[in-house]
Structures are given as structure tokens and as C-alpha cells.
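Some notes on the structure that comes next.
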Amino acid sequence: MIKTYRLTVLRRLSLVACLMLALWISPSAAEDTSMEEKNRQIVGDAFKGWEADTFNVFDLLANDVIWTITGFNPMVSGTYHGKADPLSRTVELFSERMSEGLSPTVHRVWADGDDVIIHFDGEGRTAASDVYRNSYLWVFRMDDGAVTEVIAFLDTAAFAALLSREPG
């Protein structure tokens with residue numbers, strides 16, 4: 001009888017402890033989920049705007065962003081510091097070689113905490129009238145709605161080949 005009573009008390013205490021732990025964890029878990037969804041929405045909306053040619057996705061970048069293009073191509077791979085650096089050393093050079101802007105087709109957007117991952121293909125007509133295509137996976141680190149860090153995965157050989165051409 002005493003043994004049964006102890007088990008019942010222990011079960012109730014365990015249940016109370018679990019409920020207290022759940023209540024203690026839930027608000028922050030809900031906040032994390034809410035922040036993930038907010039970050040995913042910001043990036044998703046930015047890319048929808050880019051697809052519609054109504055928003056410049058690079059406007060999401062913080063002024064002190066750190067942008068890394070992966071790979072080993074010395075022409076494009078590396079880490080860029082500050083918003084102006086990747087724009088002047090890659091984006092502007094890219095744009096000078098295109099007759100129309102890159103049009104993205106988004107496949108999927110994921111969010112995990114402060115990180116948002118976007119997989120998309122890009123296509124556009126070059127100044128030489130051929131088509132440039134690439135597939136991208138960008139990992140954005142978000143802070144208060146701004147992108148503070150980017151890791152970009154892409155076909156760096158195709159990107160470098162375009163940048164090695166004479167501007168438009």
C-alpha cells in the first residue's frame with residue numbers, strides 16, 4: 001500500500017515537473033518558431049519581389065554583411081566584407097555582362113532559428129545574346145530582418161566564365 005502510494009505520488013510529481021518544464025520551454029520555443037517563420041517570410045517575400053522585378057534582394061543586406069562564395073575559383077570564391085564589397089566585386093560586374101537581369105526561380109525556402117536557406121535557379125540573357133544559367137543555394141544569417149552573413153553555393157566556374165567576358 002505504501003509502495004503504491006509512493007508510486008502514485010512520484011507519478012504525479014513527475015507529471016507536474018513535466019508540465020512545469022513544458023510551460024517554461026514553450027514560450028521560447030514559440031518565439032523561436034515565430035522568428036523562424038518571420039525570417040522565412042522576409043526572405044521568401046524578397047525573392048518573390050525579385051521574381052516580379054519589384055524588389056532588389058540585395059537591399060536585405062546589412063551594411064556590415066559578410067558574404068562568402070564557396071569553392072576554389074580565385075576569380076569569385078572568397079569572403080567579402082561589408083555590403084559594398086560583394087556588390088562592387090561580383091554583382092555589378094555580373095550586371096555589366098547581362099542584357100537583362102537574372103530572373104530567379106525559387107524551389108524552396110527553409111528556416112532554422114536565425115538561418116534561412118533558399119534554393120533557386122537563375123537565368124538571364126547575356127550581352128552576347130546567349131543564356132546564362134546557374135543553380136544557387138544561399139544560407140542567410142538574419143538579425144532583426146537584415147541579412148548579416150551569407151554563404152553562397154553555386155557553379156563558380158560558370159559565374160567566373162561570365163565575369164571574364166568583356167562588359168556589354
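The values are calculated or read from the model by the stated rules, or taken from the named source; none is laboratory data. The shown structure was predicted, so the numbers you read here are calculated from the model rather than taken from an experiment. Using ideal geometry, Cβ is built from the backbone for each residue, glycine included, and neighbour counts are taken over all protein chains shown.
Yes/no matrix, rows are residues, columns are (1) at pLDDT 95 or above; (2) closer than 30 Å to residue 105 by Cα:
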residue: 4; (1), (2): no, no
residue: 7; (1), (2): no, no
residue: 14; (1), (2): no, no
residue: 35; (1), (2): no, yes
residue: 49; (1), (2): yes, yes
residue: 64; (1), (2): yes, yes
residue: 70; (1), (2): yes, yes
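Looking across the range 95-106, just one residue is aliphatic (A, V, I, L, M), part of a strand (DSSP E or B) and farther than 21 Å from residue 36 by Cβ, and that is 98.
Please specify each residue of the range 123-138 satisfying the condition of being within 14 Å of residue 51 (Cβ to Cβ) and either more than 17 Å from the chain's Cα centre (by Cα) or touching a residue at least 60 places away in the same chain (Cβ under 8 Å) (or both).
Initially, the range 123-138 is screened for residues within 14 Å of residue 51 (Cβ to Cβ), giving 123-124, 136.
Correct list: 123, 124.
One line per residue, one yes/no per condition, for (1) of a type in the set (Gly, Ala, Ser); (2) assigned to a helix (DSSP H, G or I):
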residue	(1), (2)
88	yes, yes
91	no, yes
108	no, no
140	no, no
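Every listed requirement among (1) closer than 19 Å to residue 37 by Cα; (2) out of contact with any strand residue (DSSP E or B) (no Cβ under 6 Å at 6 or more places or on another chain); (3) at pLDDT 95 or above is met by residue 149 save one, (2). The residue that is surrounded by the most Cβ atoms within 10 Å (Cβ to Cβ), counting only those in the range 111-138 that are in contact with a Gly (Cβ under 9 Å, 6 or more places away or on another chain) and part of a loop (DSSP other than H, G, I, E, B), is 127. For the range 94-122, a tally of residues being within 18 Å of residue 133 (Cβ to Cβ) and touching a residue at least 24 places away in the same chain (Cβ under 8 Å) returns 13. Of all residues in the range 71-100, exactly one satisfies the criterion of being exposed (fewer than 15 other Cβ atoms within 10 Å of the Cβ), closer than 20 Å to residue 116 by Cα and among the hydroxyl-bearing types (Ser, Thr, Tyr), namely 79.
In the range 121-154, what residues are of a type in the set (Val, Ile, Thr) and either farther than 19 Å from residue 83 by Cβ or touching a Lys or Arg at 6+ places or on another chain (Cβ under 8 Å) (or both)? Within the range 121-154, 126, 131, 147, 148, 150 qualify. Selection within the range 139-157: residues that are loosely packed, with under 15 Cβ neighbours inside 10 Å and without any contact (Cβ under 8 Å) to a residue 40 or more places away in the chain. The member of this set that is farthest from residue 71 (Cα to Cα) is 144.
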